[in-house]
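> This is the structure, below, for whatever I ask next.
Please treat every number below as a calculation from the coordinates, not as lab data. The structure presented is a predicted model; accordingly, all values stated were derived computationally and were not measured. As a convention, Cβ positions derive from the backbone with ideal geometry for all residues, glycine included, and neighbour counts pool all protein chains shown.
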Amino acid sequence: MENDSVIRKVKQALLSMQRYSWEQGVAAQAFLEMGEKELVIQMSKAAVLNQLADGRLAAIGNISAVTDPAGIGEAVLYASEVTKDPELGSAVQKLLNWLLEKAPRNRDGIIYHVIEKPQMWVDSFYMSPPFLSAAGYHQEALKQIKGYISLLYNPEKKLFSHIWDESKNDFARKDFWGVGNGWALAGITRVIATLPEEFNAEKNELINFVKTVLDSCLGHMRTDGLFHDVLDNKDSFIETNLAQMAAYTIYRGMKAGWLGDVYLTFAETMRNAAHAKVDDLGFVQGVCGAPFFDRPGIAAEGQSFFLLMEAAAQEFYKSR
């Protein structure tokens, strides 16, 4: 299939899927970065329709999520700015109030991932810091990132573990989950893009950190451009989404000038691997699969990161 046809089918397959809060968020972000203004507004309005009284957006099904409902925050912020719709503007403020004042957090102010357990998940890198930074709360975004790094980062492996449990003072899941490291890479990359000049020192610190984790991930890349679900465990299944997430990070980093051309071959290898996984209906096969993410399959986030990767690749090549 021609590339435009592939993208169209992946979009259609994504829109066909039922979506939880983080899935609605990453889908809307994909359409935002692809320039699909009308879809972003439509998805934002749908998210606001399902906003809880406490401010959490797109709260369908799993209402224990703390940071996932912020995954759509940047898209709703954009929609509110272009439409001047007071309902969207109010929704943004309610979400900010949730993150800044109401969300459960530890003694250092780092937000938990779920309500019922004092846990930090690597997924949160992508959910709340990009929205906070896009909304102008750069210090808070940086605080959350640094807090998650302090609890989840393994300096020896230069990778992130999945879940830290404060009540146990230990990991609930220590595995170096590939997609989790992808969430961190992509989330921090988005924050780098929204930090203003007065935060150049912090931006450079984040850039160096992303390079370190990216290099470590790439050290586990298979010859086919894909990764194992647990990066350092070859007995875990092979999955597609980290390849897309890492390629997205590379294209965005190269376009912004903080990654060099040495990374292009890696990005193209992973992008080609992802394209080879798109079936005739537009589903990206072999990603860490919904609903339990414990086996290869399909998932809204896998569809979304294909589109995010393509948007980033297209912008990169247009800039060359």
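> Return the single residue from GLU36, GLU198, GLU239 with maximal mean-square fluctuation; model: Gaussian network over the chain, springs between Cα atoms under 10 Å.
Of GLU36, GLU198, GLU239, the Gaussian network model singles out GLU198 as fluctuating most.
> Loop-only check: which trypsin sites (Lys or Arg not before Pro) in segment 65-112 are DSSP coil with at most 16 other Cβ within 10 angstrom?
Details: sites: LYS84, LYS94, LYS102, ARG105, ARG107; in loops: LYS84, ARG107.
Loop-located and lightly packed - LYS84, ARG107.
> Show the residues, 5+ positions off or on another chain, whose built amide H is closer than 5 Å to the amide H of VAL278.
Residues meeting the amide H criterion: GLN285.
> Regarding the chain, what's the average projected area of the Cα-atom convex hull, expressed in nm²?
Values: hull surface 61.2 nm².
Averaged projected area of the chain's Cα convex hull equals 15.3 nm².
> Got a sec to turn the phi values of segment 10-23 into Karplus ³J(HN,Hα) couplings, 6.51 cos²θ - 1.76 cosθ + 1.60 with θ = phi - 60°, whole Hz, x for Gly and Pro?
5, 4, 4, 5, 4, 5, 6, 8, 6, 9, 7, 4, 5, 6
> Also: Output ³J(HN,Hα) for segment 68-74: one whole-Hz value per residue in order, computed from phi by the Karplus curve 6.51 cos²θ - 1.76 cosθ + 1.60 with θ = phi - 60°, and x for Gly and Pro.
The phi angles translate into 3, x, 8, x, 9, x, 5 Hz.
> Shifting gears a bit: Using Cα springs under 10 Å in a Gaussian network model of the chain, which residue among GLY71, GLY89, GLY180 shows the largest mean-square fluctuation?
Between GLY71, GLY89, GLY180, it is GLY89 that shows the largest mean-square fluctuation.
> I want to check a number: in segment 116-267, how many lysine pairs have alpha carbons closer than 21 Å, given a sequence separation of 8 or more or different chains?
Lysine pairs meeting both conditions in segment 116-267 amount to 24.
> Next up: What is the list of residues in segment 118-133 whose amide nitrogen lies under 17 Å from a point 7 angstrom out from the Cα of SER167, following Cα to Cβ?
The answer is 118-121.
> What ranking of ARG320, ARG173 emerges when the number of other C-beta atoms within 10 Å of each C-beta is taken as an exposure proxy, fewest first?
Details: ARG320 7, ARG173 16.
Least crowded to most crowded, the residues run ARG320, ARG173.
> Another question about this same structure. In debye, nearest 20, what is the charge dipole magnitude of the chain about its Cα centre with +1 on Lys and Arg Cβ and -1 on Asp and Glu Cβ, if you could check? If you can, show how the numbers build up before the last one.
Details: 32 positive and 40 negative charges, 24 e Å.
Taking the Cα centre of the chain as origin, the dipole is about 120 debye.
> Summing -39500 (n - 2.57) over the DSSP H runs of n ≥ 4 in the chain and dividing by its residue number, what mean residue ellipticity at 222 nm do you reach, to the nearest 500 deg cm²/dmol?
Numbers: 13 runs with 172 residues, N = 320.
Dividing the helical sum by the residues of the chain leaves -17000 deg cm²/dmol.
> Take ASP4, ASP229 and order them by how many other Cβ atoms sit within 10 Å, fewest up front.
Values: ASP4 9, ASP229 23.
Listed from fewest to most nearby Cβ atoms, that is ASP4, ASP229.
> Separate question: Name the residue farthest towards the positive end of the dipole of the chain from the options SER21, PHE199, ALA91, assuming +1 on Cβ of Lys and Arg, -1 on Cβ of Asp and Glu, about the Cα centre.
PHE199
> If each residue's Cβ is checked for other Cβ atoms within 10 Å, how do TYR317, TYR153 rank with the fewest at the top? Spell out each step's value before the answer.
Values: TYR317 10, TYR153 18.
Exposure proxy ranking, most exposed first: TYR317, TYR153.
> How would you classify segment 172-320 from its alpha-carbon gyration tensor, with a ≥ b ≥ c the square roots of the eigenvalues: rounded for a/c under 1.5, else prolate if a/b is greater than b/c, otherwise oblate?
Details: a/c = 1.80, a/b = 1.40, b/c = 1.29.
Judged from the Cα gyration tensor, segment 172-320 comes out prolate (a/c at least 1.5, a/b above b/c).
> Using a Gaussian network for the chain with springs between C-alpha atoms less than 10 Å apart, which of these wobbles most: GLY182, GLY302, GLY286?
GLY286
> List the residues whose amide H sits under 5 Å from the amide H of VAL114, counting only those 5 or more places along or on another chain, with H placed 1.01 Å from N in the peptide plane.
VAL66, GLN119
> Assign one of three labels to segment 19-103, namely rounded, prolate or oblate, based on the Cα gyration tensor with a ≥ b ≥ c the square roots of its eigenvalues; rounded applies when a/c is under 1.5, prolate when it is not and a/b is larger than b/c, and oblate otherwise.
Oblate.
> If you don't mind, there's one more thing I want to ask. Report, by chain and number, residues whose modeled amide H sits under 5 Å from the one on LEU159, excluding near sequence neighbours (fewer than 5 apart, same chain).
Under 5 Å from the amide H of LEU159: ASN154.
> With charges only on Cβ, +1 for K and R and -1 for D and E, what is the dipole size of segment 1-48 about its Cα centre, in debye, rounded to 20? Walk me through the numbers on the way to the answer.
On the way: 6 positive and 6 negative charges, 33 e Å.
Using Cβ point charges on Lys, Arg, Asp and Glu, segment 1-48 gives about 160 debye.
> OK, next. Hey, what do the phi angles of segment 184-200 turn into as Karplus ³J(HN,Hα) couplings, whole Hz, using 6.51/-1.76/1.60 and θ = phi - 60°, x for Gly and Pro?
Along segment 184-200, the couplings run 5, 4, 5, x, 5, 4, 5, 5, 3, 5, 9, 6, x, 4, 5, 10, 4 Hz.
> Right, something else. Given labels modelled 7 Å from the Cα in the Cβ direction, how far is it in nm from SER64 to ARG107?
Result: 2.5 nm between the two label points.
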